[in-house]
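The structure appears below as structure tokens.
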Amino acid sequence: MLQKNIAPQSRNLRLSAIKFYYRKVVKSRQKIDIESAKNSNTLPVVLSRTEILKILKSLQNPKHKLLLGLAYGAGLRVSEVVSLKVQDLDCQELTVHIKKAKGQKDRISILPERLVIDFKNIIAEKTKEEFLFASERGGKLTIRSAQKIFANALQISDVKKNATFHSLRHSFATHLLENGTDVRYVQELLGHANIRTTQIYTQVTNPKLKNIKSPF
């Protein structure tokens, strides 16, 4: 798993499963001499509000702009945004229903009000069972296609950060915390099982730190 560059959290989860199996199921007392992986202290790449607007403005295709706008505005993973169906949007309540997300859990996130009119225009032409962002050949847009849309937009916008599609989700969380949203609500919107996962964003959004001026 280390050679495949699998995240430390995932490696430790699987190691715990192996230990549970041998100790509780097989009832073996043999020592499992595999060390837990050390968690990485790498901070997420976060785009500023200005950079996100530059990325969105670089897109000529309105549906592509909506795709990235919703991913940022609702804090969605790429797999979640391409799986959304018309029935998952509630334009009245301004909510997005994410079904069977990571860990097979459902959750509710927020629908950006500025996107409602555009989504209503799209929804009017579709049935409730249709995918919100269909591919040109019909059916669900692939994850790779969505990632390519972001990569192309990033390149055209001339934003120099080493961002990925997932950076939109990082930016959503960071900007909510900057706006004063309680970290527990951010955790719920992101669908994190452990609040420690959400708290990493507090390391990149400390308003007091940003107000400090360099002595140089």
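Looking only at the range 164-184, count how many residues are in a loop (DSSP other than H, G, I, E, B), more than 14 Å from the chain's Cα centre (by Cα) and not charged (D, E, K, R).
3
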Check: Picking from Pro44, Pro112, which residue would you name as being surrounded by 12 or more Cβ atoms within 10 Å (Cβ to Cβ) and more than 30 Å from Gln9 (Cα to Cα)?
Finding: Pro112
Margin query: I'm checking my understanding of the structure. Among residues of the range 185-216 that are part of a helix (DSSP H, G or I) and in contact with a Ser or Thr (Cβ under 8 Å, 6 or more places away or on another chain), which one is surrounded by the fewest Cβ atoms within 10 Å (Cβ to Cβ)?
Written below: Gln187
Next item on the list: Please work out if Tyr22 is more than 17 Å from the chain's Cα centre (by Cα) and either in contact (Cβ under 8 Å) with a residue 40 or more places away in the chain or assigned to a helix (DSSP H, G or I) (or both).
Entry: yes
Note to self: Suppose we filter Leu59, Leu67, Leu89, Leu76 for residues that are over 21 Å from Tyr201 (Cα atoms) and within 14 Å of the chain's Cα centre (by Cα); which single one remains?
What the structure shows: Leu67
Next item on the list: Would you check if there is a residue in the range 118-131 being in contact with a helix residue (DSSP H, G or I) (Cβ under 6 Å, 6 or more places away or on another chain), buried (at least 19 other Cβ atoms within 10 Å of the Cβ) and not small (Gly, Ala, Ser)?
Entry: no
Next item on the list: Could you list, in sequence order, all residues of the range 92-103 that are among the aliphatic types (A, V, I, L, M), in a loop (DSSP other than H, G, I, E, B) and under 18 Å from the mean Cα position of the chain (by Cα)?
Entry: Ala101
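No value in this document is a laboratory result; all are computed from the given coordinates. Treat the numbers as computed from the prediction; the structure is a model and nothing was measured. Cβ atoms come from the backbone with ideal geometry, glycine included; neighbour counts cover every protein chain shown.
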